[in-house]
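Okay, so here's the structure we're looking at.
The numbers here are math on the coordinates, done by the rules we state, and not lab data. On a predicted model such as this, the values are computed, not experimentally measured, just so you know. A quick note on method: Cβ atoms are made from the backbone with ideal geometry, for glycine too, and the neighbour counts reach across all protein chains shown.
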Amino acid sequence: IAAVHVFLNERPGYNLCLRPLEAPSSSVAVMSIDLGSEWMKVAIVKPGVPMEIVLNKESRRKTPVVIALKENERLFGDNALGMAVKNPKVTFRYFQDLLGKKADNPQVQAFMTRFPEYELVEDKQRGTVLFKLSDESFYSPEELLGMMLNYSRSLSEEFAEQPVKDVVITVPAFFNQAERRAVLRSAQLAGLKVLQLINDNTAVALNYGVFRRKDINATAQSIMFYDMGSRSTVCTIVTYQTVKTKDSGTQPQLQIRGVGFDRTLGGLEIDLRLREHLAKLFNGQKKSKKDVRENPRAMAKLLKEANRVKTILSANNDHMAQIEGLLDDIDFRVKVTRQELEALCADVFARVSPPVQQALSSAEMNLDEIDQVILVGGATRVPKVQEILLKAVGKEELGKNINADEAAAMGAVYQAAALSKAFKVKPFIVRDAAVFPIQVEFTREVEEENNIKSLKHNRRILFQRLAPYPQRKVITFNRYNDDFDFHINYGDLGFLGPEDLQVFGSLNLTTVKLKGVGDSFQKRSDYESKGIKAHFNMDESGLLSLDRVEAVFETVVEEKPEQESTLTKLGNTISSLFGGGSTTQETQENTTDNVQEEDEVPNGATKEEDHVSNDPSSEKQDKEKENKEGEKGTKEEEKAESQEAKEGEAGKESESGKAAEEESKKTDAPKKQKVVDEIEVEQTLNDIPDLLGDDMKKSTKKLQDLTDRDLKKHEREKAANSLEAFIFETQDKLSQDEFRKVSTGEERAEISSKLSEASNWLEDEGFAATTKDLKDKLSELRKLCKALFFKVEERRKWPDRLSALDSLLNHSTIFLKSARMIPGDDQIFTDVELSTLEKLINDTWIWKNETLAEQAKLRPTEKPVLLSKDIEMKLGALDREIQYLLNKAKFAKPKSKKKNNTTKSETSNKNATENEEKVIPTEQSKEEENKESEPVKEPPVEEKTDLPELGGSEAGNPGHAGEF
């Protein structure tokens with residue numbers, strides 16, 4: 001057995017054990033996309049890779065949001081950005097500003113003014129805008145965004161090495177319902193499953209809290225995040241503290257307390273001001289008779305240079321702006337100072353502090369309650385912005401302890417992992433806030449004095465400003481008994497300025513028409529109406545939806561015990577014995593939707609007024625409220641009981657009489673049953689119409705055709721590159737010694753001639769060749785060179801394979817000798833097993849020596865007889881036999897020795913008896929004796945024939961598999 005351990009420890013470069021590979025996991029990766037106006041950051045979570053930023057094809061951690069649509073080519077990211085100067089008309093940027101907006105929106109008009117190279121036309125069907133490339137080619141902003149999302153998906157799949165479909169996308173907090181729906185449509189066009197649209201400020205706050213979980217306690221701490229990006233600015237106040245939950249115990253929570261924003265304040269505004277300044281300076285030089293503003297390519301060059309100069313001026317006081325061949329081959333060079341830039345953007349910098357005041361006002365907080373102000377976004381690196389912001393918040397310093405570029409992407413991917421069922425993450429409660437209030441409006445007839453009827457317009461707030469979501473609400477209409485309409489609109493937006501209101505768009509969201517109300521009332525004429533209930537839901541993405549509308553009725557059910565069948569009575573009796581006790585009426589009630597009624601009279605309202613409440617089917621607040629009311633009732637009952645205990649006997653008798661009377665009343669009280677009728681709902685969007693089914697299919701097909709075209713082009717380019725690489729590599733190999741040694745001059749000449757012919761064909765006709773032609777040409781050349789490459793490859797494998805075989809043979813021989821030296825009483829191997837091993841060792845030696853001798857007689861140019869696969873087969877067979885014996889030794893139980901406590905007489909009698917019965921065993925009896933003494937084989941040995949063999953199906957001897 002000691003020899004076995006030596007054998008295991010002294011075998012260099014070879015492992016006896018073949019461990020099975022784990023089956024590859026299914027697609028469980030999730031991703032996040034931080035979709036900025038200028039840059040896009042993608043993060044991913046997959047098994048073994050927790051929260052990692054995805055690198056693009058240029059190995060950068062962020063990708064420009066740019067798409068170039070040439071005639072037969074589509075470029076993304078950095079490649080497309082290079083086209084912005086060469087061909088700006090087909091290079092699309094900042095198109096997110098057009099999402100969810102009609103053609104007459106001021107922001108659309110501003111986009112056309114700033115980027116005159118784009119030709120925008122109105123979509124007559126939806127009222128939005130389209131990018132026109134030609135008379136037949138039009139693209140909507142949703143389609144362009146869908147292309148960008150699909151590109152980000154391809155980057156994630158390449159990084160994850162598996163398909164990725166689930167995603168969390170960041171959007172600005174000020175995106176309204178139309179803009180959020182537009183992002184979801186774009187994701188649908190890209191084939192992505194959106195787990196959530198998370199506000200970028202919320203994603204940043206989540207990232208901050210996740211990595212500081214230990215610092216969060218029951219004491220609330222408020223953090224202000226000031227995020228100035230390329231296109232917009234958002235200031236957010238977030239409160240962190242631990243809260244108790246029923247399911248997970250005490251967990252950290254973030255709550256959005258206040259939000260202030262400026263839609264158009266960002267780094268792009270500074271770039272545009274500096275571009276205009278540079279254009280005036282160039283025109284002032286009068287080196288060209290043309291106006292540089294009228295040349296799209298020149299303006300694209302100026303915008304690129306303005307961005308570069310702005311970045312450098314963040315760390316320097318002055319810098320030279322220079323562009324070669326700006327217009328008419330005229331070079332442009334001018335010095336720009338930081339003071340000039342700040343003077344140009346004085347009105348822009350004046351807009352830095354108002355979002356702070358808006359956030360504080362909406363949160364009803366003051367600066368003293370803010371513990372820290374943290375900077376987020378690339379534009380906050382501008383020194384003037386930090387200077388103004390520091391004065392506005394009144395702090396000693398601004399926090400820069402967060403990755404300003406990647407915080408949103410990392411927070412969003414954490415949320416993606418939490419929403420996905422494939423990962424288990426530590427809970428972190430997120431209570432987001434709806435920036436814009438939403439209300440329900442409806443009109444109905446009311447009866448005034450002198451029986452005069454008039455129309456009254458009513459408003460009911462569904463979600464107040466900064467109301468937390470996700471959340472469900474129910475509004476009850478109590479005075480309708482026929483079909484009617486109501487409207488879902490935005491509430492009071494007085495906190496927005498006039499310009500923001502114009503950019504915001506339509507204040508009317510949806511018109512809802514209810515059908516079947518009158519039929520329901522006629523059908524339930526004998527029932528008492530409990531109102532028409534509309535169930536609303538604001539989901540995790542901040543999108544409002546009307547789930548369903550129901551007509552709720554209630555009726556009195558009279559019990560008739562005498563009419564109950566014997567079987568029903570028996571069932572009720574058995575149910576009551578086991579704690580059920582439900583009546584037939586209750587069972588029937590459970591067949592309808594379990595709708596719990598709200599209080600019919602809200603604060604300050606009459607009984608018949610319509611009112612809004614939280615949805616009792618989903619809101620925990622109502623359940624907690626019911627529990628509290630129940631506890632309150634229980635305490636009152638206990639108080640009453642103690643009061644009864646203090647009274648005299650007469651009082652007790654009186655109370656008992658009253659109790660009996662009350663019990664009698666309860667018994668006689670009628671039981672009620674609820675009935676719910678589903679009401680048909682017809683909804684009409686009033687802001688931006690959604691894409692209809694056919695239009696959605698057309699857009700999906702358009703994008704899919706572009707993707708297929710890109711894939712075909714990529715496949716063709718890959719085939720052409722593979723063919724070209726094979727030609728050059730093979731031509732180089734023909735001059736190498738190892739290839740010349742195994743080939744004749746005629747073979748090399750033939751191969752060289754074919755390679756030259758293929759190279760000429762690729763240069764002359766390759767540009768028009770199809771992917772199949774290129775692959776066929778490559779396959780033909782590989783077939784021609786197959787024999788040559790095989791001989792070289794075999795000679796490369798011989799040294800290592802033969803060395804491994806020699807090592808295994810030597811160690812196997814040592815093992816065999818050691819095994820034979822084990823004493824007879826301790827022997828664990830049978831003669832058959834040792835003989836089998838010995839024969840296998842000898843046969844392997846003979847095969848090796850004979851094959852090497854036969855190979856030595858052959859010329860190098862001839863096909864070898866010593867093949868690496870044969871060596872591997874011999875290695876596998878010998879290794880399996882050794883492994884079998886090692887496993888047997890590993891699981892063999894040591895034989896117990898008898899204690900030497902017998903007397904001399906007993907010993908002598910025993911020896912005499914043994915001498916009398918001693919028989920010389922035959923060879924067959926020895927084998928049987930060995931088989932009887934052979935230990936029981938353990939499972940690893942029994943399953944040896946089921947394990948895979950190294951060297952393919954040609955391996956002969958069954959046993960344990962090995963690897964080289």
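Per-structure values
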| quantity | calculated |
| --- | --- |
| Pairwise FRET efficiency - Lys193 versus Asn721, Cβ, R0 = 30 Å, nearest 0.05 | 0.30 |
| Burial ordering of Asp690, Asp825, fewest other beta-carbon atoms within 10 Å first | Asp825, Asp690 |
| Gain on full stretching of the segment that runs from Leu501 to Ala346 - 0.36 nm per residue minus C-alpha separation | 53.4 nm |
| Segment Thr443-Asp247, length gained on full extension (0.36 nm per residue, minus Cα span) | 66.2 nm |
| Residue order, fewest to most beta carbons within 10 Å, for Ser529, Ser152, Ser812 | Ser529, Ser812, Ser152 |
| Radius 13 Å from Cβ of Ile323, net charge of other residues (Lys, Arg +1; Asp, Glu -1) | +2 |
| Cβ-derived FRET efficiency at R0 41 Å, Thr744 paired with Lys817, nearest 0.05 | 0.25 |
| Distance in nm between pseudo-label sites at His457 and Gln522 (7 Å out along the Cβ direction from Cα) | 3.3 |
| Calculated log₁₀ intensity ratio I(q)/I(0) where the Debye formula runs over C-alpha points of segment 226-381, q = 0.12, 0.19 Å⁻¹ | -0.64, -1.11 |
| Spin-label model distance (nm) - Lys287 vs Lys400, 7 Å beyond Cα toward Cβ | 3.6 |
| Near-label residues of segment 31-51 by backbone N, under 13 Å of a point 7 Å along Cα→Cβ of Gln107 | 37 |
| For segment 297-429: span of alpha carbons on each principal axis (Å, largest first) | 61, 42, 23 |
| Selection of trypsin sites (Lys or Arg not before Pro), segment 315-404, meeting DSSP coil and at most 14 other Cβ within 10 Å | Lys400 |
| Distance between modelled label sites at Val334 and Lys671, nm, 7 Å Cα→Cβ extension | 8.8 |
| Cα gyration tensor shape of segment 160-212, rounded if a/c is under 1.5, else prolate or oblate by comparing a/b with b/c | oblate |
| Estimated FRET transfer efficiency when R0 is 30 angstrom, pair Asp708-Leu685 (beta carbons, to 0.05) | 0.40 |
| P(r) histogram, all alpha-carbon pairs of segment 267-349 included - 10 Å bins from 0, percent | 18, 55, 24, 2 |
